[in-house]
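Asks: Pasting a structure here, questions to come.
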Amino acid sequence: MQAEEDTLENEEYEAELEIKNAEGLHMRPAMQFVDIANRFDSEINVSNGETNVDGKSIMNISMLAATCGTKLRIKAKGPDARQAIDALRELVEEKHFDEPTPKK
Amino acid sequence: MKFRDFVCFEATITDLQANGRDDVITQLVSSLDKAGKLEEGKCREITKEVIKRENEASTGLGKGVAVPHIKHKAVKSVIASIGQSSTGIDFFALDKQPVYSVILLISPADDPDEHLQAMESIFKHLQQERFRKFLRQCRSAKQVEELLTEADEDPSL
């Protein structure tokens, strides 16, 4: 039992997610991101290549200045790491925060 | 982007005597208007839009700070004014605590990247406890200017 728990706790996933909405990761999308991240027990880390921040903190996410086209590296560590990455991928890349993508 | 480069110190109010959130927003927008930073005649429209945006979701992100903001064509580049209240304002903040430092930000309508860079600059400092504490202690626009200049030079502040 203990061993199984340990395996679960150590689950770690990561993904590179591209910001697709034209306005980028401004405050409203940042809040959506943090809302989703906080639904999970896993630790969530977000990096834009220069800055590495806590994916559950709205102030942290607001300082990434992730413009449209920016690729963010998301790392999740914990019992629900995989679900967390899947949910964030859906929000960022599929739903692009329910906002328009750039006009072609 | 440096913090002090887009703050209008002339429009800084370090002794806000305000009757609630909307009054704070009204004073800070009008202060920018008086400093000549907004297109003429747009002050009321901007005030209304900032309040409308704030009603959709509070920009009081906790820890005593709020960053009300909109994008508007009345500005050509990002401009901010800072307000301080010693008694605290109810900004319907996420942590339900009063807000002591308000940074009002108006960004151009057609440059989302510039808006994001200004936000980055603001939150890089606001998330530091020391910076928030020093900001709250500022009693004049000059002190705010000195703090921001120092903070721009020293990322740990």
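Asks: Starting from the alpha-carbon convex hull of the range A:2-98, give the projected area averaged over all orientations, in nm².
Replies: Computed as one quarter of the Cα hull surface, the answer is 5.5 nm².
Asks: Right, another one. Suppose a student asked you for the relative contact order of the range B:25-157, using Cα pairs under 8 Å spaced at least 6 residues apart; what percent would you report?
Replies: Once normalised by length, the contact order is 21 percent.
Asks: OK, next. Have a look at the DSSP beta bridges in the range B:3-152 and tell me what percent are antiparallel, nearest 5.
Replies: About 55 percent, rounded to the nearest 5.
Asks: Enter the angle in degrees (range 0 to 90, nearest 10) between the Cα long axis of helix A:27-37 and the first principal axis of the Cα atoms of chain A, meaning the one along which they spread out most.
Replies: Between helix and principal axis, roughly 20 degrees.
Asks: Less than 24 Å apart at the alpha-carbon level, and either on another chain or at least 8 residues along: which lysines does that give for B:Lys133?
Replies: A:Lys56, B:Lys2, B:Lys63, B:Lys96, B:Lys124, B:Lys142
Asks: Sticking with this one: Taking the Cβ of each residue in A:Tyr13, B:Tyr100 as the centre, tally the other Cβ atoms inside 10 Å and list the residues starting with the fewest.
Replies: A:Tyr13, B:Tyr100
Asks: What is the calculated FRET efficiency for B:Asp110 to A:Glu11, with r their C-beta to C-beta distance and R₀ = 45 Å, to the nearest 0.05?
Replies: Efficiency, rounded to the nearest 0.05: 0.55.
Asks: In percent, how large is the relative contact order of the range A:25-104, given Cα pairs closer than 8 Å and 6 or more residues apart?
Replies: Dividing the mean separation by the residue count of the range A:25-104 yields 33 percent.
Asks: To continue, here is another question. Rounded, prolate or oblate: which one fits chain B, using the alpha carbon gyration tensor with axes a ≥ b ≥ c (rounded when a/c is under 1.5, else prolate when a/b beats b/c, else oblate)?
Replies: Rounded, because the longest to shortest axis ratio a/c is under 1.5.
Asks: Let's see if you can work this out: charge +1 on each Lys and Arg Cβ, -1 on each Asp and Glu Cβ, no other charges. What is the dipole magnitude of the protein assembly as shown about its Cα centre, in debye to the nearest 20?
Replies: It works out to roughly 1080 debye.
Asks: So the label point goes 7 Å from the Cα of B:Asp15 along Cα→C-beta, right? Which residues of the range B:126-147 then have their backbone N under 16 Å from it?
Replies: B:137-144, by backbone N distance to the label point.
Asks: Which value in nm describes the separation of the simple spin-label points at B:Glu146 and A:Thr101, placed 7 Å from the Cα toward the beta carbon?
Replies: Taking the simple label geometry, B:Glu146 and A:Thr101 are separated by 5.2 nm.
Asks: Taking neighbour counts of Cβ atoms within 10 Å as a proxy for exposure, in what order, fewest first, do A:Met63, A:Met27 appear?
Replies: A:Met27, A:Met63
Taken together, the values in this text are just the output of simple stated rules run on the coordinates, not laboratory data. Everything quoted here is computed from the prediction, not taken from an experiment. Reconstructed Cβ throughout: ideal geometry from the backbone, glycine too, with neighbour counts over all protein chains shown.
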